[in-house]
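Participant: So that we are looking at the same thing, I have put the structure below in structure tokens.
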Amino acid sequence: MSNFGLYEERIRDFDWSIAEKELEYKDGNILNIGWYCSDRICLKGKADKPALIYEGFGNVKKQYTFNDIRIAGNVIGNFLRNLGIRNEDRVCLFMDRIPELYLSFLGTLKIGAIVQPLFSAFGEESLFIRLENAQTRAIITQSKHLSKVRKIRDRLPGLEFIIIVDHNITKKLESREIPFSLDESAPVENLDIYPTTAESPSLLHYTSGTTGQPKGVKHVHYSLIAQYLTAKWVLDLQENDIYWCTADPGWVTGTSYGIIGPWSLGITQCILDAGFSAKAWYKFIDDYKITVWYSAPTAIRSLMKAGDDIVREFDLSSLRHLASVGEPLNSEAVIWSIKMFGKPFHDTFWQTETGCIMITNFPGMKVKPGSMGRLFPGITGAVLDPENYEPITEPGKIGLIAFRPGWPAMMRTYWNNEEKYREKFKNGWYLSGDRSSIDNEGYYWFVGRDDDVINTGGHLVSPFEVESALLEHPAVGESAVVAKPDEINMEVVKAFITLKPGFTPSPDLELEIMNFIRKKLSPLAMPQVVEFMDKLPKTRSGKIMRRLLHAREWGEETGDISTLEND
Amino acid sequence: MEDIKEMVRKYVISEYLDEGENITYDSPLISSGYVDSFSMVSLLVFLENKFKIKIPPSKATPEAFDSVNKIVELVNQYINK
């Protein structure tokens, strides 16, 4: 029997106070995610239960109980507090998926500071933009990423502390750099938890839009209420589960459901910090007897590509429930998972801004392959007519996916950008930026984005950010960046480029430009294809018509081209 | 043969590894996280440009790119064609 039960009953009886009661939270109480994910679980008698099972590069294995993560969170919180970090200071976590990342998350929250997790593959420019915007005071990182921080620290006078968790004594420390070793620190049994309340800020996750620089999505500690309940009902996490969320905490899935959801429920979770390979992933499931697996369509399609035979080399019978997030899950992947694992992947739809799962195929309910599923109880959603922002009632008609604000995990604002935040609302609806239709049973069917943002492997990339970075390459005159369809990643970045005088198109220049963006921004943002052009299509007023290039890539109608500049 | 190996190894070190990191011909590249699936595309473009070959997408798998030795094995299949 699943935790969720019957949809109709849940909808009828739903109130977010269900989660509040289970978490013994009352309005006005202290509410601190760091405490709820560790101290509270220990107080519930699970101090010795494994919380984190870690496997990293080179077959490094570590295991932590809930008491271990409680104490480690205390140690890190105490260390930060002694440096002078205070509540609401921003602390960036810039690490691979090593245990210190997860434990720093708890420690930072425990002292009331705001966690700013960033994907460790980000290049220095992506890192700089986000640290500058957040006015980050401390960054916790690894030696291997230190060179990126060193390149930008002079431009970040507010970045007072660069904390290195694996400092090697042979490498000389420079200004503002502080070594920290969790293993060599004395345990801190008791830490004064900062008395955060429901609306105290907890996290800043950065997300990309069509225009402008990335925006810092501000979440608060009250998000716990929704993350706890959705993890319980949608991911169906139960007492004896061994859970694996494959997402990196640099992205919202990696924090909402890679830390907060499972640990607030007292669930054991496994982390594999190694690159992707089908064999390694299946072996990991087999070795640790994973029961609940939350992954992404890109990974699932890569597993499909690796073939069926390899699946049969492993015992994957421990798997009990499968879910997916990040981009639409195609029906072929659902059908394949039924064939290979005996159960379907359940699609979940949500965003950095929503903080928790909004639409999903629930455990125990009929899965319609290719559909995103139905609304989570307590969420009011619709597809809106793009002309008047009124809900569309006709089944099957495409509109903008929108939600009525008010659920606990909803973002509270964009950091230092209230104007952009307000732009996300029309007629009292939060606009997700995605389009879909709803069928006559209330199932949502994804169609695509409503803007130019590129969804590659489940991560959003801003064409504006890539175009801006491209212009810094000495050979690039003008650029336009669009999504290109891709079998595995759904979309990848494609750049159209005109060259400055004196430069000639060549395969080597294409590679040089690709690597330039990979290092400056991130591997995700790297154009996988560069097309050199004599000129880019523009309107008569000189604006590059990205829409035209996008339509060409997707084999779509180009639409109105009456404003196209003549030759 | 040795030249190709060393050429690929040097390229991987210069483009994907951090300062002070090193690899052997057998060091895992993908499964160790040195090269992720997105960056693999730029490595593929390098091989195709450098050795004037075309590797079909179906052959450019994480397993085939998981060490310098494996990459050279793959490249040789197309160089010799």
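Participant: A:Tyr102: net charge of surrounding residues, Cβ under 12 Å, Lys/Arg +1, Asp/Glu -1, itself excluded?
Facilitator: -3
Participant: Treating only the Cα positions of chain B as identical point scatterers, give the base-10 log of I(q)/I(0) from the Debye formula at each q in 0.12, 0.25 Å⁻¹.
Facilitator: Per q value, in the given order, log10 I(q)/I(0) is -0.29, -1.37.
Participant: Let me ask something else about it. Translational diffusion coefficient of the range A:200-329 at 4 °C, 1.567 mPa s, Stokes-Einstein with Kirkwood Rh over Cα pairs, in µm²/s as a whole number. Intermediate values should be presented prior to the final figure.
Facilitator: On the way: Rh = 15.9 Å.
The Stokes-Einstein estimate is 82 µm²/s.
Participant: So, one more: Using only atoms on other chains, find how many Cβ atoms lie within 10 Å of each Cβ of peptide B:8-20 and report the average.
Facilitator: Numbers: counts 0, 0, 0, 0, 0, 0, 1, 4, 4, 1, 7, 6, 6.
Per residue, the number of nearby Cβ atoms from other chains is 2 on average.
Participant: Same structure, new question: Enumerate the calculated ³J(HN,Hα) couplings along the range A:242-257 in order (Karplus 6.51 cos²θ - 1.76 cosθ + 1.60, θ = phi - 60°), each rounded to whole Hz, writing x wherever the residue is Gly or Pro.
Facilitator: Going residue by residue, I get 10, 10, 10, 9, 7, 6, 8, x, x, 10, 4, 4, x, 9, 4, 10 Hz, with x marking Gly and Pro.
Participant: Something else now. How would you rank A:Arg176, A:Arg97, going from fewest to most other Cβ atoms within 10 Å of each one's own Cβ?
Facilitator: So the residues, fewest neighbours to most, are A:Arg176, A:Arg97.
Participant: Something else now. Mean Kyte-Doolittle of at least 0.0 plus a Cα span of 24 Å or more along the axis: flag which DSSP H helices in chain A meet both, please.
Facilitator: A:66-83
Participant: I would also like to ask the following. Using modelled amide H (1.01 Å from N, peptide plane; none on Pro or chain starts), what sits under 5 Å from the amide H of A:Lys49, excluding residues fewer than 5 places away?
Facilitator: A:Phe66, A:Asn67
Participant: Continuing with the same structure: Using 0.36 nm per residue of separation minus the Cα-Cα distance, give me the extension gain between A:Glu239 and A:Lys279 in nm, one decimal.
Facilitator: Taking 0.36 nm per residue and subtracting the Cα distance, the gain is 11.6 nm.
Participant: To the nearest 0.05, how large is the calculated FRET efficiency for A:Ser143 and B:Tyr25 if R₀ is 22 Å and r is the Cβ-Cβ distance?
Facilitator: With R0 = 22 Å, the Cβ-Cβ based efficiency is 0.35.
Participant: Here is a follow-up. Explain nothing, just the number: relative contact order of the range A:260-409, from Cα pairs under 8 Å at least 6 residues apart, as a whole percent.
Facilitator: 15 percent
Participant: Grab the other residues whose beta carbon is less than 11 angstrom from that of A:Asn361, score K and R as +1, D and E as -1, and report the net.
Facilitator: Result for the local shell: +2.
Participant: Now a separate question. Give me the distance between the Cα centres of the range A:127-176 and the range A:463-491, rounded to whole Å.
Facilitator: For the range A:127-176 versus the range A:463-491, the Cα centre distance is 28 Å.
Participant: Let me ask you something else. Whose amide H sits under 5 Å from the amide H of A:Ile488, counting only residues 5 or more places off or on another chain, with H placed in the peptide plane?
Facilitator: Distant-sequence amide H within range of A:Ile488: zero hits.
Participant: What percent does the relative contact order of chain A come to when contacts are Cα pairs within less than 8 Å and at least six residues apart?
Facilitator: Dividing the mean separation by the residue count of chain A yields 12 percent.
Participant: Further, regarding this structure: Using a Förster distance of 56 Å, how high is the FRET efficiency between A:Arg176 and A:Lys49, based on the Cβ-Cβ distance and rounded to 0.05? Mind dumping the intermediate values first?
Facilitator: Numbers: r = 39 Å, r/R0 = 0.69.
Calculated transfer efficiency: 0.90.
Participant: Based on a Kirkwood Rh over C-alpha pairs, give the Stokes-Einstein translational diffusion coefficient of the protein assembly as shown at 20 °C and viscosity 1.002 mPa s in µm²/s.
Facilitator: Answer, rounded: 84 µm²/s.
Participant: Ignoring everything except DSSP H segments at least 4 long, calculate the 222 nm mean residue ellipticity for the protein assembly as shown; use -39,500 (n - 2.57) per segment, divide by total residues, nearest 500.
Facilitator: Numbers: 20 runs with 196 residues, N = 648.
Value at 222 nm, helices only, nearest 500: -9000 deg cm²/dmol.
Participant: Same structure again: Which whole number gives the average count of other chain Cβ atoms within 10 Å of the Cβ atoms across peptide A:522-529?
Facilitator: Mean partner-chain Cβ count within 10 Å for A:522-529: 4.
Participant: Can you check what the Kirkwood hydrodynamic radius comes to for the range A:454-554, Cα pairs only, in Å to one decimal?
Facilitator: Final number for the Kirkwood radius of the range A:454-554 is 13.6 Å.
Participant: Still on this structure, please answer the following. What list do you get for A:Glu327, A:Glu557 if you sort them by fewest beta carbons within 10 Å?
Facilitator: Details: A:Glu327 22, A:Glu557 7.
By the 10 Å Cβ count, ascending: A:Glu557, A:Glu327.
Participant: Also, quick follow-up: Taking the beta-carbon count within 10 Å as an exposure proxy, list B:Lys54, A:Lys343, B:Lys70 from fewest neighbours to most. Each step should come with its number before you reach the end.
Facilitator: Values: B:Lys54 9, A:Lys343 15, B:Lys70 18.
Fewest-to-most Cβ neighbours within 10 Å comes out as B:Lys54, A:Lys343, B:Lys70.
Participant: How would you order A:525-532, A:158-165 from highest to lowest mean count of nearby Cβ atoms within 10 Å?
Facilitator: A:525-532, A:158-165
Participant: Something else about it: Please grab the % of Cα pairs in the range A:9-71 that end up more than 17 Å from each other.
Facilitator: Summing the P(r) tail past 17 Å for the range A:9-71 gives 57 percent.
Participant: For the range A:331-362 and the range A:525-557, what is the separation of their C-alpha centers, rounded to whole Å?
Facilitator: So the two Cα centres are separated by 33 Å.
Participant: What's the local net charge at A:Asn3, with K and R +1, D and E -1, over the other residues with C-beta under 14 Å away?
Facilitator: -2
Participant: Could you list which residues have their amide H under 5 Å from that of A:Val529, counting only those 5 or more apart in sequence or on another chain, with H placed in the peptide plane?
Facilitator: A:Ala495
Participant: In whole Hz, what ³J(HN,Hα) sequence does the range B:21-29 give by Karplus (6.51, -1.76, 1.60; θ = phi - 60°), x for Gly and Pro?
Facilitator: Result, rounded to whole Hz: 8, 9, 9, 9, 5, 9, 4, x, 9.
Participant: Can you pull the mean other chain C-beta count within 10 Å for peptide A:275-282?
Facilitator: On the way: counts 14, 7, 9, 3, 4, 6, 0, 0.
That works out to 5 on average.
Participant: Could you tell me what percent of the DSSP beta bridges with both partners in the protein assembly as shown are antiparallel, to the nearest 5?
Facilitator: Counting DSSP beta bridges with both partners in the protein assembly as shown, the antiparallel share is about 55 percent.
The numbers here are math on the coordinates, done by the rules we state, and not lab data. None of these values were measured; they are calculated from a predicted model. So basically every Cβ, Gly included, is an ideal-geometry build from the backbone, and we count neighbours across all protein chains shown.
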